[in-house]
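Contents: one structure, followed by commentary.
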Number of protein chains: 2
Amino acid sequence: MEPTIPRKYSLRAEMFKALAHPARIYILDKLRERPRCVCELAAEIGLEKSAASKHLSQLKEAGFVEDERRGTLVEYRLVAPCVLDMAACAEGTILENRRKRLEIPGEG
Amino acid sequence: MEPTIPRKYSLRAEMFKALAHPARIYILDKLRERPRCVCELAAEIGLEKSAASKHLSQLKEAGFVEDERRGTLVEYRLVAPCVLDMAACAEGTILENRRKRLEIPGEG
DNA sequence: TGCAATGTTTCCATAATTTGCAACATGGAG
DNA sequence: CTCCATGTTGCAAATTATGGAAACATTGCA
């Protein structure tokens, strides 16, 4: 069948795709406190630096973070605070609905 | 390497994954107006009813929509309006950042 | 009962994503 | 300059996602 979905929705989907991985969500939450380098994030999420770098590249491409080199390090920082509100929305409504429906106990 | 990402972030990622497809974003926007049946949505997004049904199943599993049978039809409706705010956030900040970065390189 | 309309599930092929390893690039120290 | 630390990119394997076709399920109606 022929696709008829306007481009606007593809752009939105790309943005959400950048958030559609536990490691990337975790990274954003860590960057909420303060900027961090790749090696620090890699250690925290338990991935090779190459994998961490690729996740950060996706977040950067989507516009959620920016990077700046400091010596041998590359520091990443959060630039789209509204993503936190999005996550909050998730916690407050979506996951709540899901818990009720599936009877999953809440987690802090 | 061993994964050390808390379950909380996996749950959030699952929710965003449900939004990480143009067809599903399009569906949610259509449901914003009024509830619709599977066949209507399938025609609008240009997919077979089976594919449309699977997309709706994912949205339902994530808690964004609910379904109710009406005769031979199955009507889907939006139950998490905050998803619209999330999309608005996307339009307003993320995509704007991206435009600046891709079209005006070298500018802070 | 039989039949049509609508949805869901299953199977399969194709495409996209993710990861680690290795190679390469960049910057600082000696 | 060389050596080392940090990041990025290329590659291949494994995993996951997607879509169509067909089978199956459910409802309404004659």
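Quick notes
- Accessible surface, 1.4 Å probe, highest first, among residues B:R34, A:R77, B:R69: B:R69, B:R34, A:R77
- Radius, Kirkwood style, for segment A:13-80 when every pair of distinct Cα atoms is counted (Å): 11.7
- A simple spin-label model places pseudo-atoms 7 Å from Cα toward Cβ; at B:A43 and B:T72 they are separated by 1.4 nm.
- In Å², nearest 10: area of B:K17 left accessible to a 1.4 Å probe: 100
- Nearest-10 value in Å² for the accessible area of B:R7, using the 1.4 Å probe: 120
- Per residue of peptide B:21-29, the mean number of Cβ atoms on other chains within 10 Å of the residue Cβ is 6.
- Taken across both chains, chains B and A shield about 4600 Å² of accessible surface from a 1.4 Å probe.
- A label point on A:E44, set 7 Å along the Cα-to-Cβ line, lies at 4.0 nm from each of its counterparts in the other copies, closest listed first.
- B:H55 accessible area, 1.4 Å probe, all protein chains in place, Å² to nearest 10: 20
The values are calculated or read from the model by the stated rules, or taken from the named source; none is laboratory data. As the structure is a prediction and not an experimental result, all values here were calculated from the model. Neighbour counts are summed over all protein chains in view; Cβ atoms, including those assigned to glycine, are modelled from backbone coordinates with ideal geometry. Quick note on the areas: whole protein, heavy atoms, side chains included, nothing else; ligands and nucleic acids left out. Shrake-Rupley method; radii C 1.70, N 1.55, O 1.52, S 1.80 Å.
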